[in-house]
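The structure appears below as structure tokens.
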Amino acid sequence: MSAGPELAGRLALVTGAARGIGAAVAEALAGQGARVLATDVHAEGVAELAARHEGRVTSRALDVTDADAVEELVAEAEESLGPLDIAVNVAGVLRGAAVVDLDDADWAAVFAVNTNGVLHVSRAAARRMTVRGRGSIVTVASNAAGVPRAGMAAYAASKAAAVMFTKCLGLEVAPYGVRCNTVSPGSTATDMQVALWERSPDGAESGRRAVIEGDLASYRTGIPLGRIAEPSDIADAVAFLVSDRARHITLHDLYVDGGATLRA
């Protein structure tokens, strides 16, 4: 007799769910039986996601940089949808530039979403999860958090901060039965990644090949597995970490990058 979907009966909040990795995470969790509250600044994107998964996914517009808005949404969700069991931080932005050319506003904007947003969502979730003695929080970071990237100082630093924040939170909430982990993708076939490929002088396909093969001029290794990740690859890792199969895993940073960082 089947035990049923492993996340059945659980409520999950996913940020950045309008497209890419966030949408894939929302779909993966819904596929495992969870009820998903999909959020994004792009309200139409999450509304379309909810329409494709009617009855399983609920959509809300949310700017994770607004701490009050995050707190209000989580409180409203707990009242209308039930206790929050899972929170997944996916919302992120990338603004690339050499440090000497980096604009202060771009630096602040990247940290506002990639780091402050993780604080706002994780804090609101943890406040409620600790009282109940259960819950799982996952932050989708980047392998750039662990390996320097030329032209990506703001992004890499913001993701490194998000990783360490999540680990520190995990240490604090572990005695209350709440687990906190991070997933660090490498190059993944998302709109953000394609935009980077399109900057290649020879076009997107050339840019894609360069990522797989590596670039000595920018001190970047290639991808040993020889492929770009799909959003579903990252979503599967998240789905595992929030499940009971990972019940003894916390403070962990799971790299999903095809070996690109050589686990440096």
Picked from segment 32-45 (must be of a type in the set (A, V, I, L, M, F, W, C) and either farther than 17 Å from Leu84 by Cβ or outside the structural domain of Ala91 (by TED's automatic domain parsing) (or both)), the residue surrounded by the fewest Cβ atoms within 10 Å (Cβ to Cβ) is Ala43
Scanning segment 104-143 residue by residue, those of a type in the set (Gly, Ala, Ser) and either surrounded by fewer than 23 Cβ atoms within 10 Å (Cβ to Cβ) or not in a helix (DSSP H, G or I) (or both) turn out to be Ala105, Ala108, Ala109, Ala112, Ala124, Ala126, Gly133, Gly135, Ser136, Ala141, Ser142
Total residues in segment 202-216, condition among the small types (Gly, Ala, Ser), modelled with pLDDT under 75 and surrounded by fewer than 16 Cβ atoms within 10 Å (Cβ to Cβ)
3
Tell me, please, whether a residue that is farther than 22 Å from Val178 by Cα, among the basic types (Lys, Arg) and at pLDDT 95 or above can be found in segment 14-22.
yes
Failed criterion for Val74 (all others in (1) under 19 Å from the mean Cα position of the chain (by Cα); (2) surrounded by fewer than 18 Cβ atoms within 10 Å (Cβ to Cβ) hold)
(2)
Give segment 229-249 a look and list any residue that's crowded, with 20+ Cβ neighbours inside 10 Å and not in a helix (DSSP H, G or I), or say none.
Ala229, Val242
Sort through Arg123, Arg128 and tell me the only one that's within 26 Å of Met192 (Cβ to Cβ), among the basic types (Lys, Arg) and out of contact with any helix residue (DSSP H, G or I) (no Cβ under 6 Å at 6 or more places or on another chain).
Arg123
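The values are calculated or read from the model by the stated rules, or taken from the named source; none is laboratory data. Since the structure is predicted, the reported quantities are computational estimates derived from the model, not experimental observations. Virtual Cβ from ideal backbone geometry, glycine too; neighbours counted across all protein chains shown.
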